[in-house]
Amino acid sequence: MNTPATETSIPDLLQSTMKAHVAGQLDAAGKGYKLLQTLAPDNPDVLHLSGMFEGQQGSRERGHELISRAIAIDGKQAMFHNNLGLVCVRMGRLEEAERCYRRAIELDPDRFDAVSNLGVLMGQLNRLEEAEKTFQDLLERVPRFSDARQNLASLYLRTGRFSQAIEQCAKGLLTDPRNPLLRRVLGRAYADVGLTDLALELYRKWQQEEPDHPEPRHHIAAITGEGVPDRASDDYVRATFGGFAETFDAKLASLGYRAPALVGEMVAELLAQVPDKSLRVLDAGCGTGLCAEQVARWARSLVGVDLSQQMLDRAKLRQAYDELVQAELVAFLRTRPACCELLISADTLCYFGRLDEFAAAACRSLVPGGWLVFTVEAHDDGEGQPDYKLYHHGRYSHRHGYVLDVLSANGFADMALREVVLRQEGGKPVRGWLTRARLPQEPAAHE
Ligand SMILES: C[S@@+](CC[C@H](N)C(=O)[O-])C[C@H]1O[C@@H](n2cnc3c(N)ncnc32)[C@H](O)[C@@H]1O
């Protein structure tokens, strides 16, 4: 990127900065936007694009401020309002986001991305009828808009209206046959209603067309029970959460997601007598960092580890972690012996079947007397139940007795499992085990 000598080259600099931004050359893009703000502080395009960049990569507050300034200078650009809405969603300012999207649509009724964003937002706010109507009207106008089709199908899936979800996906796949999101929702909907043959057919066709795609492989194993991996592959986890990071917090909130709060409650019970800011805390599978505030009171330092860089990027924006590491969590724990007094993991070990490697690594990473608090999904302990099961939705559940056995075999004591509801899915509660365990003060002798 060339540095401009005069203001006349601002359009060129803007162009090359945008190019760097789109290509993911973030350092170059960041420098370009900074320079542009100095050279053309009142140029609305500069303010808008710099704000978008800040909202994605840096500070959401700064992003909000810059786009608002662009709007104050030129309030007639629907795109500015739409993008301010996106930044508001990331900041959790959902009512303001709604106003922004509506203003964008008022200015330009053909701004279909703003209409779709509004539909997604209605869904996040649990205004489900409005969300449905928004997508339906949009799809009447633009039947080939796959994102809107997939969002409507997901809405039906979430509310247990499986045949409508299937119908929407089938329609969408007619015009966009390889759309992975439509395939994902359709496979899930088929399996949810017991049409496992159709789900399997879909995943096999997908696998044939994209042999390296981790999703069909994982779901075929879940349905057939053949080749079930010990845990979800790194690629599967990255594929699942990569595209989900932006909307994770709002989406999960609308599903009554409680895993971080439950971990927080358990930690608060255990640490009632422990002085503030006295512990080194490790958050395994930290995602967007929803657990940070739950443990902040006790954390002298807080380290987060996660496989998904996009999730970590969101966690970084909270400015609550001393260190955020992109790594597979068991591999990471093995590199950090005796590094923490408290290890937490919310809604992450449901991507693990076998828990022994995790338990052994956690034992090494905790100091004697250290606490482990985590959630897994639950299935019953009845006769003949396997230790863990991989379900067609792609997550594992665990047997109560297995969790206890693994922990005690790996040196933990003082274990307790509490039955909890982690969130709602398809209108039904997802049951879990909120689990705690402690290492003895003196390490027990075990292999
Ligand atoms: C459902 S999210 C939960 C995130 C966060 N703990 C929370 O409660 O909001 C699960 C997270 O675990 C991460 N994950 C799953 N398996 C992992 C592994 N083996 N190593 C590291 N991260 C993993 C995913 O990338 C994702 O961010």
Taking the range 219-236 and keeping residues in contact with a Phe, Trp or Tyr (Cβ under 6 Å, 6 or more places away or on another chain) and within 12 Å of the ligand (Cβ to nearest atom) leaves Arg231, Ala232
Notebook entry, point to check: Does the range 191-212 include one or more residues that are within 16 Å of the ligand (Cβ to nearest atom) and either in contact (Cβ under 8 Å) with a residue 60 or more places away in the chain or within 22 Å of Gly426 (Cα to Cα) (or both)?
Noted result: no
When the range 230-253 is checked residue by residue, the ones that are more than 11 Å from the chain's Cα centre (by Cα), surrounded by 19 or more Cβ atoms within 10 Å (Cβ to Cβ) and either of a type in the set (Phe, Trp, Tyr) or within 20 Å of Ser154 (Cβ to Cβ) (or both) are Tyr236
The number of residues in the range 300-312 that are surrounded by fewer than 24 Cβ atoms within 10 Å (Cβ to Cβ) and away from the ligand (no atom under 11 Å from the Cβ) is 3
Restricted to the range 421-435 and to residues being at pLDDT 95 or above and surrounded by fewer than 21 Cβ atoms within 10 Å (Cβ to Cβ), the residue nearest to Pro214 (Cα to Cα) is Arg431
Within the range 133-151, residues surrounded by 20 or more Cβ atoms within 10 Å (Cβ to Cβ) and charged (D, E, K, R) come out as Asp147, Arg149
Exception for Leu372 within (1) within 15 Å of the ligand (Cβ to nearest atom); (2) assigned to a helix (DSSP H, G or I) falls at (2)
- Can you spot a residue in the range 260-281 that is near the ligand (Cβ under 7 Å from one of its atoms), assigned by TED's automatic domain parsing to the domain that holds Leu329 and touching a residue at least 60 places away in the same chain (Cβ under 8 Å)? yes
Worksheet item: In the range 85-96, is there at least one residue being at pLDDT below 95, at negative phi, among the basic types (Lys, Arg) and assigned by TED's automatic domain parsing to the domain that holds Gly24?
Response: yes
Of those in the range 246-256 that are of a type outside the set (D, E, K, R) and not in a helix (DSSP H, G or I), the residue nearest to the ligand (Cβ to nearest atom) is Leu255
Restricted to the range 400-413 and to residues being modelled with pLDDT of 95 or more and of a type outside the set (Gly, Ala, Ser), the residue surrounded by the fewest Cβ atoms within 10 Å (Cβ to Cβ) is Asp405
Checked pairs for the range 411-434, first free of Cβ contacts under 8 Å to residues at least 12 places away in the same chain, second of a type in the set (A, V, I, L, M) and part of a strand (DSSP E or B), C-beta under 6 Å and 6 or more apart or across chains, list as Pro429/Val421
Being under 24 Å from Gln25 (Cα atoms) and in contact with a Ser or Thr (Cβ under 9 Å, 6 or more places away or on another chain) narrows Gly119, Gly63 down to just Gly63
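The values are calculated or read from the model by the stated rules, or taken from the named source; none is laboratory data. Quick caveat, the model's predicted, so the values are computed rather than measured. Counting neighbours? That spans all protein chains shown, and the Cβs are built from the backbone with ideal geometry, glycine included.
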